[in-house]
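Input: a single structure, listed below in structure tokens.
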Number of protein chains: 2
Amino acid sequence: MIIDCHGHYTTAPAAHNDWRDGQKAAFKSGAKPPPYPAISDDEIRETIEQNQLKLIKERGADHTIFSPRASTMAHHVGDQAVSEAWSIACNDLIHRVTQLYPEVFTGVCMLPQNPKADLTASIRELRRCVEQLGFIGCNLNPDPGGGHFTHPPLTDESWFPIYEVLCELDVPAMIHVSGSCNPALHATGAFYIAADTVAFMQCLTSDLFRDFPTLKFVIPHGGGAVPYHWGRFRGLAQELKKPLLKDHLLNNVFFDTCVYHQPGIDLLTRVIPVDNILFASEMIGAVRGIDPETGHYFDDTKRYVEAAQIEPEARYKIYEGNARRVYPRLDAALKAKGR
Amino acid sequence: MIIDCHGHYTTAPAAHNDWRDGQKAAFKSGAKPPPYPAISDDEIRETIEQNQLKLIKERGADHTIFSPRASTMAHHVGDQAVSEAWSIACNDLIHRVTQLYPEVFTGVCMLPQNPKADLTASIRELRRCVEQLGFIGCNLNPDPGGGHFTHPPLTDESWFPIYEVLCELDVPAMIHVSGSCNPALHATGAFYIAADTVAFMQCLTSDLFRDFPTLKFVIPHGGGAVPYHWGRFRGLAQELKKPLLKDHLLNNVFFDTCVYHQPGIDLLTRVIPVDNILFASEMIGAVRGIDPETGHYFDDTKRYVEAAQIEPEARYKIYEGNARRVYPRLDAALKAKGR
């Protein structure tokens, strides 16, 4: 079984996005937001079947862990109420996708973060999504301000209340920023990759996982720059008198395979222990074209994993075993269906 | 001949650093800065011979392109006058090193940038260092604010005056941030690597090198995350309707080899054309320890280049040929000495 742990609903129906525009405009003018539109099951089916489902079938994956579009979470827009209403709308839409295609999609939620708000609303929405909608994790934005890294590091105790709930519910957080409102930082080419690297280093300098030994973070986009600079990070941990990274971080931190060329996946699988790598493509996402050097989609990461020089057992872990371990609620749900 | 294009004077005499403390304190209290101390040649010799020179000899390099300590450039401290006085003091000290060891060190200057200042003073100092002190390049800080990426991207026309002078003098700029004043960003583990990646993406989204076809940037630390995500960057360039990266950026952008483990250097040399890779160690710098997995210093990057699966001609380019091409004033100076 091939589980893709990183897919966003980047092709949501136009009416959903139009509502967001209306909500933002209403906030700006001080008016009441418009009512959320009626979106039919057929509209959802159309956006999924022509896009994600088509590519999942073509590429030969089985299951996708699916969350709202990351770049439009835009936690810096509006206030807590705006962020919460938008999160609920997005997560409910993901829930409908998972109900229409229960064999293919399981939900991960976005959180109603806001740079000026505490995590009360985020915890409320996390609980709703996991306990009522059957979601199995969340996306946690380490820089809800959107591109200036003004938020306290992930190791600051202001984050601890949500970590307690993540541990209680036994769901991981993918550490994923949203759009950039910084003209110096391109969202998917600079901000995403920088934020992944920054998040890892925040964990490295702290003892966060001593305080939260069961907390699990998935760092997307192949872990940013981390595997490429694994020697630097091992060396910095040593300078900082931290334990070896495998003991200090690798019981809690996992990387996905959203690295869009063969040499990158080869490095990832060579450097990072196989138990810490989860298959993912972030399809349909930042890089949608066909690589002229290979003739295949850049984000068809299964091809790279297939071609990597690893044992079948390692490939099984990357495709399925690790996802079942990192997302225990997914494992339970799959097992309940005899999968 | 082995040329290390990235070394900082991290071991400068204590009196020099003490003066900086005095200068900062004077700025804070509104007093006149203290006079710069007398530092003897012997004091300089001691700090160099026990450190950089010792390791250069042990490791078997020949020449180092040497600049002031990056983490203490701290352009966000004080104002334009503070930054200029500090830059002059640091660059003059580098000049003394190059005069004491002309066979081993050639100078690259820091610039008196300041987040609130234009580039007039930086251009003045660049000219002084190149035209009077024999320096062959500069370090350009893309985020002089120190860790919030609030400065306009490197492609903004506010940078153009210094690009004109860099082209006129035919010297490259290494794009190198300084210390972080952001508690979310560890300097050498997060900010440096993130800034390298961000700088590359700024270049990618622009047509900077169409306007400045002879401008040359060296992106340090192996290019941040760029080689590991080369597929992503190639794909993003394609989405943005830019030319192939080799045509769009690789006549102007170069990466150094400050990547502190074998798999990283293997990826770099596999992915990036050999004409765009310059040997460097950033020794003595961020990672000073010995790798328990190899028994050698993490930053002894020559070992990784020696072990990389590349042709002797490629190794010559990485060690020497590319540095002579990217730093024409170094090449001329070496040739004048019959090297």
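The values are calculated or read from the model by the stated rules, or taken from the named source; none is laboratory data. The structure presented is a predicted model; accordingly, all values stated were derived computationally and were not measured. Backbone-built Cβ (ideal geometry, glycine too); neighbour counts: all protein chains shown. All accessible areas refer to the heavy atoms of the entire protein, side chains included, with ligands and DNA or RNA removed. Shrake-Rupley method; radii C 1.70, N 1.55, O 1.52, S 1.80 Å.
Structure notes:
- Some residue of the range A:149-158 being open to solvent by less than 10 Å² (accessible area, probe 1.4 Å), touching a strand residue (DSSP E or B) at 6+ places or on another chain (Cβ under 8 Å) and either outside any helix (DSSP H, G or I) or more than 14 Å from chain B (Cβ to nearest Cβ) (or both): yes
- Residues that are of a type outside the set (V, I, T), open to solvent by less than 90 Å² (accessible area, probe 1.4 Å), touching a helix residue (DSSP H, G or I) at 6+ places or on another chain (Cβ under 9 Å) and not in a loop (DSSP other than H, G, I, E, B), drawn from the range A:27-51: A:D41, A:E43, A:R45
- With respect to (1) over 27 Å from B:P220 (Cα atoms); (2) open to solvent by 50 Å² or more (accessible area, probe 1.4 Å); (3) not aromatic (F, W, Y), the lone exception for A:L215 is condition (2).
- Check on A:V130, outside any loop (DSSP other than H, G, I, E, B), touching a Phe, Trp or Tyr at 6+ places or on another chain (Cβ under 6 Å), open to solvent by less than 10 Å² (accessible area, probe 1.4 Å) and on the phi < 0 side of the Ramachandran plot: no
- Residue match in the range A:204-223 (condition: polar (S, T, N, Q), in contact (Cβ under 8 Å) with a residue 24 or more places away in the chain, more than 7 Å from chain B (Cβ to nearest Cβ) and more than 16 Å from A:A70 (Cα to Cα)): yes
- Breaking point among (1) of a type in the set (A, V, I, L, M); (2) open to solvent by 10 Å² or more (accessible area, probe 1.4 Å); (3) more than 14 Å from every other protein chain (Cβ to nearest Cβ), for B:I162: (2)
- Residue check, A:I136 within 14 Å of chain B (Cβ to nearest Cβ), crowded, with 16+ Cβ neighbours inside 10 Å and either aliphatic (A, V, I, L, M) or closer than 18 Å to A:Y36 by Cβ (or both): no
- Output for the range A:179-190, where each listed residue is more than 8 Å from chain B (Cβ to nearest Cβ), surrounded by 24 or more Cβ atoms within 10 Å (Cβ to Cβ) and in a helix (DSSP H, G or I): none
- Of everything listed in (1) facing chain A (nearest Cβ under 9 Å); (2) touching a helix residue (DSSP H, G or I) at 6+ places or on another chain (Cβ under 7 Å), the single unmet condition for B:P292 is (2).
- Filtering the range B:224-276 to residues that are surrounded by fewer than 21 Cβ atoms within 10 Å (Cβ to Cβ), away from every other protein chain (no Cβ under 12 Å) and among the aliphatic types (A, V, I, L, M) leaves B:L250, B:V274.
- Residue match in the range B:310-327 (condition: in a loop (DSSP other than H, G, I, E, B), more than 13 Å from chain A (Cβ to nearest Cβ), on the phi < 0 side of the Ramachandran plot and of a type in the set (S, T, Y)): yes
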